[in-house]
Amino acid sequence: MSDMLLDLVGQRCSIKTEDEEYLTGSPEICCHVVAADDEWIKITYVDATGNRVARMERIEIIGSVLIYGDTLR
């Protein structure tokens, strides 16, 4: 796995898939990367109804990442 994906852990960002869709379903919702390994990335975010959502996706779907710069570390 790329070290760049490991560097995302603790970062606040928006992640787009290869199809240019946001993992969270909305570009206004930022996610926090909780974990990453060789195959998966785990993110958390608050959806439009105020619920905290945790989501895991395979890393090969990632097309681009916008990092906002502040961390949870």
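The values are calculated or read from the model by the stated rules, or taken from the named source; none is laboratory data. Just so we're clear, the structure is a prediction, and the values are computed from it rather than from any experiment. Every residue, glycine among them, receives a Cβ derived from its backbone with ideal geometry; neighbour counts consider all protein chains shown. These accessible areas exclude ligands, DNA and RNA; they are computed on the full protein's heavy atoms, side chains included. Shrake-Rupley method; radii C 1.70, N 1.55, O 1.52, S 1.80 Å.
Odds and ends about this structure:
- Subset of region 9-23 [in a loop (DSSP other than H, G, I, E, B) and within 8 Å of the chain's Cα centre (by Cα)]: Leu23
- Identity of the residue in region 37-54, in a strand (DSSP E or B) and open to solvent by 80 Å² or more (accessible area, probe 1.4 Å), that ends up farthest from Pro27 (Cα to Cα): Trp40
- Within region 19-37, one or more residues are of a type in the set (S, T, N, Q) and touching a strand residue (DSSP E or B) at 6+ places or on another chain (Cβ under 7 Å).
- Looking only at residues of region 55-73 that are over 11 Å from the mean Cα position of the chain (by Cα) and hydrophobic (A, V, I, L, M, F, W, C), we find that the one that is least open to solvent (accessible area, probe 1.4 Å) is Ile61.
- Meets criteria (surrounded by fewer than 17 Cβ atoms within 10 Å (Cβ to Cβ), of a type in the set (A, V, I, L, M) and modelled with pLDDT under 95) for Leu6: yes
- Every listed requirement among (1) under 15 Å from Met4 (Cα atoms); (2) free of Cβ contacts under 8 Å to residues at least 40 places away in the same chain; (3) part of a strand (DSSP E or B) is met by Leu66 save one, (2).
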